[in-house]
Amino acid sequence: MRYNFDEVIDRTGSNDLKHSVLQQRYGRADLLPLWVADMDFATPPFVVDALRRRVEHPIYGYTATPDELWTSIQRWILDHHQWRVEREWLTYVPGVVKGIGMAINALLKPDERVIIQPPVYHPFRLTTLGNGREVVNNQLCEVTANGALTGYRMDLELLERQAADPRNRMLVISNPHNPGGIVWDRATLERVADICDRNNVIVISDEIHCDLTLFGHRHIPFATVSEAAARCSITLGAPSKTFNIAGIVSSYAIVPNPALRRPLFKWMSANEFDEPTLFAPIATIAAFTQGEEWRRQMLDYVEENVLLVEHFCTDNLPKIKPLRPQASFLVWLDCRQLGLNHTQLNDLFINRARLALNDGEMFGPGGEGFMRLNVATPRVVLQEALERIAFALK
């Protein structure tokens, strides 16, 4: 069947984060929100139908986890990423960010530190600090061509020095990268694995955007690139971004090495963090067993939205340079040629264009002068947002 991604859905009354906290976070509620990373597309009907069938049963009591949850995850990962994940490597986690916090608490001593790679998804920093650990920045390096940003590369020489410090015991990577949309290549991941394995550094690979690759790019799971990567890694994933079910909270961890797996899984089990909620397995099974055609059509639509942003900026906003994402529905807008400081840039988007985007500074060093735009929205909404920016700049 053909799915309709042009439908504009009124989210009023759903208590969605995207609209509900605008006044609190942006100082006004009359904004077009294209910030938090969920979609404005309807959750796939096969997921809704599976949930509806269960809701119609009038008892919502304690529920056993079906074996099909694990087989559906294993089959999806094997089919899409050629990674044969063993059942004992898998556990449920109540969210990727929560999984990072749990790994910090279960595996690190109080004085051990966490390396992150800004500009990067800001909960990497906030979760580390909130759990009483120090953050070490391994800032990404810009890749440019003809004066324009074309991507990022990891500073592996710096990482080598940082990993040699025994207090730096964990590295959190975004693979694919958020907000830049970079699909890390095999050679980079192999080098990261070698550095971290030699220095006893645990690598947490956030792969929540792995099924959202665009324009012919292919995701490489970190743990698959070498034996060293399998030894040192904890992979976190979920169907939530791909199938727009973030509110259901259906994430998983994959830990091949029993030396890491045993203490982490034991800690999670002792606190009952590894027990899925009632609806998480239902939504995951439906998504991973019926979702491929919907996913393909959604990605085609997102690619067209990315191209719309590129063409509109070229024709109407030449000082705003969008970095084409290799994965995800997030576009990293380089606004530095506008010559605005942080306050002025936010004022332009919030008070003049009346848009709610994520400003680049929240992603850490290297994010200054950028804005993150969510393009997983009906095209008419995206067109309106772009026209608001153009009008504001006039």
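What about Glu88, is it more than 29 Å from Ala356 (Cβ to Cβ), surrounded by fewer than 19 Cβ atoms within 10 Å (Cβ to Cβ), touching a residue at least 60 places away in the same chain (Cβ under 8 Å) and among the acidic types (Asp, Glu)?
Working: more than 29 Å from Ala356 (Cβ to Cβ): yes; surrounded by fewer than 19 Cβ atoms within 10 Å (Cβ to Cβ): yes; touching a residue at least 60 places away in the same chain (Cβ under 8 Å): yes; among the acidic types (Asp, Glu): yes.
In short, yes.
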* Asked: Can you name every residue in the range 102-122 that is surrounded by fewer than 18 Cβ atoms within 10 Å (Cβ to Cβ) and in a helix (DSSP H, G or I)?
  -> Asn105, Ala106, Leu107
* Asked: Does Ala163 satisfy the condition of being under 29 Å from Pro322 (Cβ atoms) and small (Gly, Ala, Ser)?
  -> no
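Mind listing just one residue for me: the one in the range 375-394 that is of a type in the set (A, V, I, L, M, F, W, C) and outside any helix (DSSP H, G or I) and, of those, surrounded by the fewest Cβ atoms within 10 Å (Cβ to Cβ)? Steps first, answer last, please.
The first filter runs over the range 375-394 and keeps only residues of a type in the set (A, V, I, L, M, F, W, C), leaving 375-376, 380-382, 385-386, 389-393.
From what is left, the residues that are outside any helix (DSSP H, G or I) are 375-376.
Numbers: Val375: 26, Ala376: 22.
Ranking the candidates gives Ala376 first.
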* Restricting the range 113-143 to residues that are among the hydrophobic types (A, V, I, L, M, F, W, C) and touching a residue at least 40 places away in the same chain (Cβ under 8 Å), the residue that is farthest from Pro176 (Cα to Cα) -> Val114
* Just a yes or no: is a residue in the range 272-281 in a helix (DSSP H, G or I), of a type outside the set (Asp, Glu), within 21 Å of Ala64 (Cα to Cα) and in contact with a Pro (Cβ under 7 Å, 6 or more places away or on another chain)? -> yes
* Yes or no: Ala64 more than 20 Å from the chain's Cα centre (by Cα), at pLDDT 95 or above, small (Gly, Ala, Ser) and loosely packed, with under 14 Cβ neighbours inside 10 Å? -> yes
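Filter the range 166-193 down to residues that are of a type outside the set (Ser, Thr, Tyr), without any contact (Cβ under 8 Å) to a residue 40 or more places away in the chain and over 16 Å from Leu323 (Cβ atoms), then give me how many there are.
Taking the range 166-193 first, the residues of a type outside the set (Ser, Thr, Tyr) are 166-173, 175-187, 189-193.
Then drop every residue that is not without any contact (Cβ under 8 Å) to a residue 40 or more places away in the chain, which leaves 166, 184-187, 190-192.
Checking which are over 16 Å from Leu323 (Cβ atoms) leaves us with 166, 185-187, 190-192.
Total meeting the criteria: 7.
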* To do: Would you mind listing the helices (runs of 4 or more DSSP H) fully within the range 145-236 where at least 1 residues are buried (at least 22 other Cβ atoms within 10 Å of the Cβ) and either under 21 Å from the mean Cα position of the chain (by Cα) or of a type in the set (Ser, Thr, Tyr) (or both)?
  => 186-198, 227-232
* Failed criterion for Thr289 (all others in (1) within 27 Å of Arg75 (Cβ to Cβ); (2) polar (S, T, N, Q); (3) surrounded by 16 or more Cβ atoms within 10 Å (Cβ to Cβ) hold) -> (3)
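Out of all the residues in the range 179-189, which are of a type outside the set (Ser, Thr, Tyr) and either within 16 Å of Arg218 (Cα to Cα) or outside the structural domain of Pro110 (by TED's automatic domain parsing) (or both)? Break it down into steps so the answer makes sense when it comes.
Kept after step one, since they are of a type outside the set (Ser, Thr, Tyr), are these residues of the range 179-189: 179-187, 189.
Listed by number, the residues that qualify are Gly180, Gly181, Ile182, Val183, Trp184, Asp185, Arg186, Ala187, Leu189.
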* From (1) over 18 Å from Asn105 (Cβ atoms); (2) free of Cβ contacts under 8 Å to residues at least 40 places away in the same chain; (3) among the charged types (D, E, K, R), pick out the condition that doesn't hold for Glu272. => (1)
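The values are calculated or read from the model by the stated rules, or taken from the named source; none is laboratory data. Nothing here was measured: the structure is a model prediction, and the numbers come from that model. Counting neighbours? That spans all protein chains shown, and the Cβs are built from the backbone with ideal geometry, glycine included.
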